[in-house]
Amino acid sequence: MKKTIEVIQKELTSIRTGHAAPSLIEHLKVDYAGTILPLNQLASITAPQANLLVVQPWDKNSMSSIEKAIQKSDWD
């Protein structure tokens, strides 16, 4: 039962509520240097305002890979 609650809590963090939250994009898969990594392992993600997410890559060379992953994500 504890595992089920953990999964549900994780899923609820990605619900769109009208406010920007880092959890909305932190698990996007990024193809970086031939390895698929979650975005939160390549960059810090913050929400300084309710309608703004800031992604700051730790390695500037990963910028194009992160940009592609965000553009390819499903945001319909």
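The values are calculated or read from the model by the stated rules, or taken from the named source; none is laboratory data. The model shown is predicted, which means the values in this text are computed figures rather than measured ones. Glycine also receives a Cβ, built like all others from the backbone with ideal geometry; neighbour counts cover every protein chain displayed. Accessible surface areas use protein heavy atoms only, side chains included; no ligands, DNA or RNA. Shrake-Rupley method; radii C 1.70, N 1.55, O 1.52, S 1.80 Å.
Would you call residue 14 open to solvent by less than 70 Å² (accessible area, probe 1.4 Å) and modelled with pLDDT of 90 or more? So residue 14 fails the test.
Quick check, is residue 29 surrounded by fewer than 13 Cβ atoms within 10 Å (Cβ to Cβ), within 24 Å of residue 11 (Cβ to Cβ) and in contact with a helix residue (DSSP H, G or I) (Cβ under 7 Å, 6 or more places away or on another chain)? Considered against the rule, which asks whether it is surrounded by fewer than 13 Cβ atoms within 10 Å (Cβ to Cβ), within 24 Å of residue 11 (Cβ to Cβ) and in contact with a helix residue (DSSP H, G or I) (Cβ under 7 Å, 6 or more places away or on another chain), residue 29 comes out as yes.
Based on this model, can you work out whether residue 68 counts as free of Cβ contacts under 8 Å to residues at least 40 places away in the same chain, within 24 Å of residue 19 (Cβ to Cβ) and of a type in the set (Lys, Arg)? It is false that residue 68 is free of Cβ contacts under 8 Å to residues at least 40 places away in the same chain, within 24 Å of residue 19 (Cβ to Cβ) and of a type in the set (Lys, Arg). Annotation for the range 46-54: at least one member residue is surrounded by 10 or more Cβ atoms within 10 Å (Cβ to Cβ) and at pLDDT below 85. Of all residues in the range 22-76, those satisfying the criterion of being among the charged types (D, E, K, R) and in a strand (DSSP E or B) are 29, 31. The C-beta contact set for the range 36-50 (first residue under 10 Å from residue 23 (Cα atoms), second residue open to solvent by less than 60 Å² (accessible area, probe 1.4 Å) and of a type in the set (Ser, Thr, Tyr), distance under 9 angstrom, 6+ apart or interchain) comprises 45/23.
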